Amino acid sequence: MWSLAGGIVPALAALGSVPVFIYIVGAERFAILSLLFSINLFFFVYDFGFARAMHFFLPKDKYKCNEQEKRLTSASLTLAFFIGGVISLFIFFLSPFLVEYWLNVGSDNSSEMILAFQIAGGGVLPAIMMSVLRGRFEGAGDFKQANVAKIFSGTSLFLLPLLAAIYNDSLILLALTITISRFLAFFVYIKLSQNINFNSFIKIDFSLVSKIKHYVFWAAISGFFSTAFIYADRFFVAGFVSSYELSIYVASQDILSRYLIIPWSIAIVLTPYFASDQFNYSDFRDIQARALKKIFLLTSLFVLAVIMIIFWLLPLWIQVNSYFLINSISLILLCGVVFASLAQLPLVVLYAQGKAKLLSFIFLSEAILYLCFAPLLYKKFGIYAAASVWSARLFIEMTALYVASYRMMQNK
């Protein structure tokens, strides 16, 4: 229940804020604002493998000792701080190129947008460090603390900029509030971590760093591609479609993909068991069947709700000339969300069993296919191709994950 709350509450905050942002800043500026959100959303979901590493190590008997747990967390925080700082600087220097040479924006607004992207990139550092503490909570089964912090993090990311937008719709101000929300959320994680004596984490055990790096290396590669295809492909799509089409694609994707937090919340609570030394195949089949049944039922209800909104309520809200485009894109993306929701369980199982290297090969294969065919399709069919490729890739990924997880269990 805590895991579901940690997924549903931020999702509702995002769903409620998207139409308000579109009303305040307009559809075209919302496309840029959504990219600012996407930077921080991406690096909250994509954690360079740190949360996955904590999920993998902490349930082991060796790390159930309080002292070993502290050493593992301190080493992970050190690595996260270094990587987060490098990525923030990378975004800072990349922002001029992104705005001036890739995004379809006018030169009159380029300086404001460059500064907005540079400021939003500052939130990456605390976001990556948060992933270590989130992974520690989840790996140890402390889902109350993990999701209290997650609720604050997910809601503040949207509500703080929304409050600022009511008074001023400057992209620079909105980017600043996005970054502030990341630092506030990080302090909430620290506060909740005081019950495990956070101050003792400053002692770094460098002997653990290499062990963490080995797992994090492959988890970072696999996590990058899986997260990028969900949350960051819009940056690639932005170079092939107009700002208006991009706003429809991003808004539809943002709203629909929020649902993925729910199946992920169901799957993630099983991580401590899947990664434990007591894991066995007979229990796995029973637990997976029950979890998959819940995910399938909730996903079916979600699909019915979306279809009702698209065909009954949406025509009352939008103009006729925009209805067909929004309707088509939403239905295509909905298929992808269904595939992604069903793929959450085998994804968690493979990560918990330390199969990050196998996942990296799966996602890297998808990336090669994507880069070979997606640009050609985008140029010819535009936004329809973008939505179709997004959903088709998720179907391929779902199939590959189920095949890999079942083959792994048969060998146990």
If you take the residues in segment 9-43 that are over 17 Å from L125 (Cα atoms), aromatic (F, W, Y) and in contact with a helix residue (DSSP H, G or I) (Cβ under 6 Å, 6 or more places away or on another chain), which one is modelled with the lowest pLDDT?
-> F30
Note down all Cβ pairs under 9 Å where the first residue falls in segment 9-38 and is surrounded by fewer than 22 Cβ atoms within 10 Å (Cβ to Cβ), the second is not in a helix (DSSP H, G or I) and not charged (D, E, K, R), and they're at least six residues apart or on different chains.
-> E28/V105; E28/S242
Cβ pairs under 8 Å, 6+ apart, first in segment 259-272 and farther than 19 Å from G336 by Cβ, second among the small types (G, A, S) and open to solvent by 20 Å² or more (accessible area, probe 1.4 Å) = P272/A140; P272/G141
So which of F224, F187 ends up being open to solvent by 30 Å² or more (accessible area, probe 1.4 Å), at pLDDT below 80, of a type outside the set (A, V, I, L, M) and within 23 Å of I261 (Cβ to Cβ)?
-> F224
Which residues, taken from segment 352-396, are of a type outside the set (G, A, S) and either in contact with a His (Cβ under 6 Å, 6 or more places away or on another chain) or open to solvent by less than 10 Å² (accessible area, probe 1.4 Å) (or both)?
-> L359, F363, Y378, I383, W390, L394
Would you please name the residue that is surrounded by the fewest Cβ atoms within 10 Å (Cβ to Cβ), looking only at residues in segment 148-175 that are in contact with a Ser or Thr (Cβ under 8 Å, 6 or more places away or on another chain) and polar (S, T, N, Q)?
-> S156
Only one of S341, S365 is of a type in the set (S, T, Y) and in contact (Cβ under 8 Å) with a residue 40 or more places away in the chain, namely S341
Residue under evaluation L246, criteria (1) buried (at least 22 other Cβ atoms within 10 Å of the Cβ); (2) hydrophobic (A, V, I, L, M, F, W, C); (3) at pLDDT below 80, criterion not met | (3)
Scanning segment 359-382 for residues that are in contact with an Asp or Glu (Cβ under 9 Å, 6 or more places away or on another chain) and of a type in the set (F, W, Y) gives F363, Y370
Go through A164, A175, A149 for me and flag whichever is in a helix (DSSP H, G or I) and under 21 Å from R52 (Cα atoms).
-> A149
The residue that is farthest from M408 (Cα to Cα), considering only those in segment 282-301 that are open to solvent by less than 40 Å² (accessible area, probe 1.4 Å) and not polar (S, T, N, Q), is I295
When residues of segment 129-172 are filtered for being without any contact (Cβ under 8 Å) to a residue 40 or more places away in the chain and hydroxyl-bearing (S, T, Y), how many remain?
-> 2
At pLDDT 90 or above, open to solvent by 20 Å² or more (accessible area, probe 1.4 Å) and farther than 18 Å from V45 by Cα - does that describe any residue in segment 194-201?
-> no
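The values are calculated or read from the model by the stated rules, or taken from the named source; none is laboratory data. Model, not experiment: these values are computed from the prediction. Cβ sites come from the backbone with ideal geometry, for glycine too, and all protein chains shown count toward neighbours. To get the accessible areas, we keep the full protein, side chains included, count just its heavy atoms, and leave off ligands, DNA and RNA. Shrake-Rupley method; radii C 1.70, N 1.55, O 1.52, S 1.80 Å.
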